[in-house]
Amino acid sequence: MTGPAAPAGGMDPEVRPGGGPVLVAFAGLPGVGKTTLAARVGAALRAPVLPVDPVERALHRYGLTGDVPGMAAYGAVAGLAEVQLGLGLSVVVDAVNPVASARGLWHDVAERAGVPLRVIEVHCGDEEEHRRRVEARPPEEHGTWEQTLRRRAEYEPLIGPRLVVDTAVAADPLPGILAYLR
């Protein structure tokens, strides 16, 4: 008896070489295409996608302000990721991951869960297109172009193994991402 077929263009997590779940952490500025790619990877892996932004917005609604909601949101998503990994599922994290301390959470979660961590850094190499994307989104949910530029100035370079994806390139990045996750 066979299980359900893998999604078109995707892979079945049970046949992922090396076996078992994987923690996939997306990183990159707002508006570069992380959420779109994270959703596609989650569908291909049949894995939950855990976005940090809605958690951060919920914390703001409940009165947490300043720097606290940001790290608290990352911590909450890290806790949820650990639960899902403990259930034997792969997990896709959708977050800006602008600083080493935020990125370190994913290393710690992967280590505790005994799963590989795959980091995917997304950027948009066409600044006009990046700006268009940011300005087309609701600023109360995703920020303004000026806020994105401030975040870019504060973004700490990502060091270590990762796949870098430029969403300004016309080719579909999903096959390359899925190959990287093997």
(message) Could you compute how fast segment 97-155 diffuses translationally, taking Rh as the Kirkwood radius over C-alpha pairs and applying Stokes-Einstein at 37 °C with viscosity 0.692 mPa s? Give it in µm² per second.
(response) 242 µm²/s
(message) Starting from a Cα-only point model with no solvent, please compute log10 I(q)/I(0) by Debye for the chain at q = 0.09, 0.19 1/Å.
(response) -0.31, -1.36
(request) Round to the nearest 10 and give me the degree value, 0 to 90, for the angle of helix 145-154's Cα axis relative to the longest principal axis of the chain. (result) 70 degrees
(request) Please report, in whole Å, how far the alpha carbons of segment 135-182 spread along each principal axis, starting with the longest. (result) 37, 26, 18
(message) Suppose a student asked you for the relative contact order of the chain, using Cα pairs under 8 Å spaced at least 6 residues apart; what percent would you report?
(response) 31 percent
(request) Place a label point 7 angstrom from the Cα of residue 141 along the Cα-to-Cβ direction, then list the residues of segment 18-38 whose backbone nitrogen is under 17 Å away. (result) 30-38
(request) Starting from the coordinates of the alpha-carbon atoms of segment 51-125, obtain the Kirkwood hydrodynamic radius over all distinct pairs and give the value in Å to one decimal. (result) 13.1 Å
(message) How big is the dipole moment of the chain about its Cα centre under a simple scheme where the beta carbon of each Lys and Arg is +1, that of each Asp and Glu is -1, and everything else is neutral? Debye, nearest 20, please.
(response) 300 debye
(request) Provide the solvent-accessible area of residue 130, counting protein heavy atoms only and rolling a 1.4 Å probe, rounded to the nearest 10 Å². (result) 10 Å²
(request) Decide, for segment 72-175, between rounded, prolate and oblate: order the square roots of the alpha carbon gyration tensor eigenvalues as a ≥ b ≥ c, take rounded if a/c falls under 1.5, and otherwise choose prolate if a/b is larger than b/c, else oblate. (result) prolate
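Pairs of Cα atoms under 8 Å, at least six residues apart: use those to get the relative contact order of segment 101-182, whole percent. Write down the numbers at each step before the final one.
Numbers: 51 pairs, mean separation 33.0, N = 82.
Answer for segment 101-182 is 40 percent.
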(request) Enumerate the amide H contacts of residue 22 below 5 Å, restricted to partners 5 or more residues apart or on another chain; note that Pro and chain-start residues carry no placed amide H. (result) 90, 91
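The values are calculated or read from the model by the stated rules, or taken from the named source; none is laboratory data. Predicted, not measured: the structure shown is a model, and the values here were computed from it. For neighbour counting, all protein chains shown are included, and Cβ atoms are generated from backbone atoms with ideal geometry for every residue, glycine included. Accessible surface areas use protein heavy atoms only, side chains included; no ligands, DNA or RNA. Shrake-Rupley method; radii C 1.70, N 1.55, O 1.52, S 1.80 Å.
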